[in-house]
């Protein structure tokens, strides 16, 4: 049996190395689930393309069956409880930026 003195630091180092890897933390299924919720659509009502993993952020493009396009992103990491993926944030392409009513 291996000594806990060896595997605890090894496990801690592995968690630190993978903590910022969205490519490992964010699955395609998580992207579809979070995007469907954010846009209020069924999972089969859109397609996801152009995925880019940048540190802890995954950016991607969504095209609905009606032809609307959105730029979206989610954050992903690993922590002591396992995989963690944020909710999706999406903006419709070509639409003016949303105005914050609190800044009026």
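The values are calculated or read from the model by the stated rules, or taken from the named source; none is laboratory data. All of these numbers come straight from a predicted model, not from anything done at the bench. All Cβ positions, even for glycine, are placed from backbone atoms using ideal geometry, and neighbour counts span all protein chains on display.
Inspect all residues belonging to the range 26-38 and state whether any of them is at pLDDT below 85, under 18 Å from residue 83 (Cβ atoms), out of contact with any helix residue (DSSP H, G or I) (no Cβ under 9 Å at 6 or more places or on another chain) and surrounded by 11 or more Cβ atoms within 10 Å (Cβ to Cβ).
no
Assess whether residue 87 counts as being exposed (fewer than 14 other Cβ atoms within 10 Å of the Cβ), at pLDDT 90 or above and within 9 Å of the chain's Cα centre (by Cα).
yes
Being within 19 Å of residue 86 (Cα to Cα) and either at pLDDT 95 or above or outside any strand (DSSP E or B) (or both) is true for just one of 41, 6, 11, 17. Which residue is that?
When all the criteria are applied, what remains is 41.
Is it the case, given these coordinates, that residue 80 is at pLDDT below 95, surrounded by fewer than 14 Cβ atoms within 10 Å (Cβ to Cβ) and touching a helix residue (DSSP H, G or I) at 6+ places or on another chain (Cβ under 9 Å)?
Yes, satisfied.
Return the residues of the range 44-53 that are surrounded by 11 or more Cβ atoms within 10 Å (Cβ to Cβ), closer than 23 Å to residue 83 by Cα and in contact (Cβ under 8 Å) with a residue 12 or more places away in the chain; say none if nothing qualifies.
48, 51, 53
When the range 54-86 is examined, which residues are found to be closer than 11 Å to residue 25 by Cα and assigned to a strand (DSSP E or B)?
Residues satisfying the conditions are 57, 58, 74, 75, 76, 77, 78, 79, 82, 83, 84, 85.
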